[in-house]
Amino acid sequence: PHPDHAERASACAITMQLAMEEVNRLNVARGLPQLQMGIGLNTGEAVVGNIGSEKRAKYGVVGSAVNLAARVEACTVGGQVLLSPFTYERIRQVAEVGPPLPVEVKGIREPLLLYELRGLTGDYARRLPAVAADGDCDVSVALPLLCWVIEGKTVRPEHVKGEVLQLGLRRLEARLDTRLSPLTNVRLRLHYPTLEQDSADLYGKVLAAEGQADGCIARIELTSVDDADQHILETLLRASAPHHP
């Protein structure tokens, strides 16, 4: 491999995220939904090459480092690049990152510290656009909700009741009747009192959760919202936003 392979991979990840703006511009022009992706990077040894028999072979990459990269990717939300500690250690001199995020990863006993990549200096200097601060676009609302926890590809049958307290374009803050851990994937269904109707299924990931005696206050990034609900949420934001003279 190239001696700067971790730096090259990080630069590639940022470039891929920047390219999504043009992808979504074309999607909107064609009447297609906008897309988001999360990218996870890990550095380690792997077996690379043609795997299989002469009759059926494929070019692949296998190994524990590959598995960990997939685990890191599963922790991301749209527009995000997360680095494993092994990748971060190789590029720390040129990397601008957010605070370390401790996560429990299958197959690793100790919590793993992940780093959100925000930019690079040096030969591959580039950066992701700054994300608005959490409260910049939030407005106070009171929307009843139901929440289901997703484990792997399965949605738990039991639901949790709660209420949306703060609403943003792609995030919300909700009071839930049970405690959830950060990075939990969830399915949500909101009730719109003024419309007397429920939303379709919305999907998200818990970014942070503050435990309380009777549950938690959870900050949730919405990862999948259909067009109809997106329009309703944007209308609610405009209607609830403070108006300045």
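The values are calculated or read from the model by the stated rules, or taken from the named source; none is laboratory data. Values in this document were obtained by computation on a predicted structure and should not be read as measured data. Ideal geometry is used to build each Cβ from the backbone, glycine not excepted, and the neighbour counts take in all protein chains shown.
Quick check on Ala208: is it within 16 Å of Trp148 (Cα to Cα) and aliphatic (A, V, I, L, M)? In short, no.
If I ask for residues that are at pLDDT below 90 and over 30 Å from Gly98 (Cβ atoms), which ones from region 156-194 would you list? Of everything in region 156-194, just one residue is at pLDDT below 90 and over 30 Å from Gly98 (Cβ atoms), namely Thr194.
Scan region 54-70 and tell me whether some residue there is surrounded by fewer than 13 Cβ atoms within 10 Å (Cβ to Cβ), of a type in the set (Asp, Glu) and within 21 Å of the chain's Cα centre (by Cα). No - not one qualifying residue is present in region 54-70.
Tell me whether region 116-125 contains one or more residues that are assigned to a loop (DSSP other than H, G, I, E, B) and aliphatic (A, V, I, L, M).
For region 116-125, residues assigned to a loop (DSSP other than H, G, I, E, B) and aliphatic (A, V, I, L, M): present.
Looking at Leu169, Leu188, just one residue is out of contact with any strand residue (DSSP E or B) (no Cβ under 8 Å at 6 or more places or on another chain) and in the same structural domain as Cys147 (by TED's automatic domain parsing), and that residue is Leu169. Which one of these is hydrophobic (A, V, I, L, M, F, W, C), in contact (Cβ under 8 Å) with a residue 40 or more places away in the chain and over 24 Å from Leu82 (Cα atoms): Ile232, Ile220? Result: Ile232 is the single residue among Ile232, Ile220 that is hydrophobic (A, V, I, L, M, F, W, C), in contact (Cβ under 8 Å) with a residue 40 or more places away in the chain and over 24 Å from Leu82 (Cα atoms).
Does at least one position in region 97-112 carry a residue that is surrounded by fewer than 18 Cβ atoms within 10 Å (Cβ to Cβ), more than 16 Å from Asn42 (Cα to Cα) and over 18 Å from the mean Cα position of the chain (by Cα)? Yes.
Taking strands (runs of 3 or more DSSP E) that do not extend beyond region 147-245, which have at least 2 residues that are within 17 Å of the chain's Cα centre (by Cα)?
171-176, 185-192, 202-212, 215-224
Has region 201-218 got at least one residue that is more than 23 Å from Ala74 (Cα to Cα), polar (S, T, N, Q) and touching a strand residue (DSSP E or B) at 6+ places or on another chain (Cβ under 6 Å)? Within region 201-218, not a single residue is more than 23 Å from Ala74 (Cα to Cα), polar (S, T, N, Q) and touching a strand residue (DSSP E or B) at 6+ places or on another chain (Cβ under 6 Å).
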